[in-house]
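Novice: Take this structure, written in structure tokens, and hold onto it; I'll ask about it next.
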Amino acid sequence: TADLAAEAEAYLTEIGLSADEIAALKAHLNGEWEAPAVSGYVVADSVEAGDQILYVVSYNGKYYAMTNDTTTNNAFGVVEVELEEDGTISEAADNAVWTLEAGSAEGSFLVKDAEGQYISYNSGTTLMLAEEGTDFNVTCGSGTAAIKPTSASTRQIFLRDNNPLQFRCYATQNMTASGYCAVLTIYKYVP
């Protein structure tokens, strides 16, 4: 005599689903559900080969995405991006969009631009674009994904705090002394 529908709804509520989520689940099971529209780039909690991503930092209340413009001292240029009210980025300049490819080491990725050039190390702490790339490790956090293009665990990209229009790569052990401490957040394109 149990009301199975009511029991199921009570169970879903008990395990933490909201009323809206339960309604969406009902609609989905009835064949009425439609995927919500996504405006484009969302904060990635995971990444995989084939993903299109943006490197984004917050600086003085504005958001910047790294571009493939390396005309200034081999430093990567940036372009300002606008966050929507829902926290997504609807549009990005072509030269700020990067594509991940699987690397040879487990869990590593190659990062290339729309022109097919890879982010690579020139020497020491300098990043550049090259026809062939080296493997970069990707570290994903909870809710936000911090990506660190690196050939060694001591390297990471930081925004130059004295020039918000450039990215450079510095050894992390020098971060406190040099003040390069902006953290990258990865936005992933969701079609």
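Rule-based calculations on the coordinates, nothing more; no lab input. What you see is a predicted model, and the numbers here were worked out from it, not measured in a lab.
Novice: As an exercise, find the ratio Rg/Rh for the stretch 8-70 from alpha-carbon atoms, using the Kirkwood inverse-distance average for Rh. Before the final figure, lay out the partial values.
Specialist: On the way: Rg = 18.6 Å, Rh = 15.7 Å.
That ratio equals 1.18.
Novice: Dividing the alpha-carbon Rg of the stretch 1-114 by 2.2 N^0.38 Å yields what?
Specialist: 1.57
Novice: With only alpha-carbon pairs counted, each pair once and no self-pairs, how large is the Kirkwood hydrodynamic radius of the stretch 53-134 in angstroms?
Specialist: 13.7
Novice: Percent relative contact order of the stretch 1-86, based on C-alpha pairs within less than 8 angstrom and at least six residues apart?
Specialist: Worked out over the stretch 1-86, it gives 13 percent.
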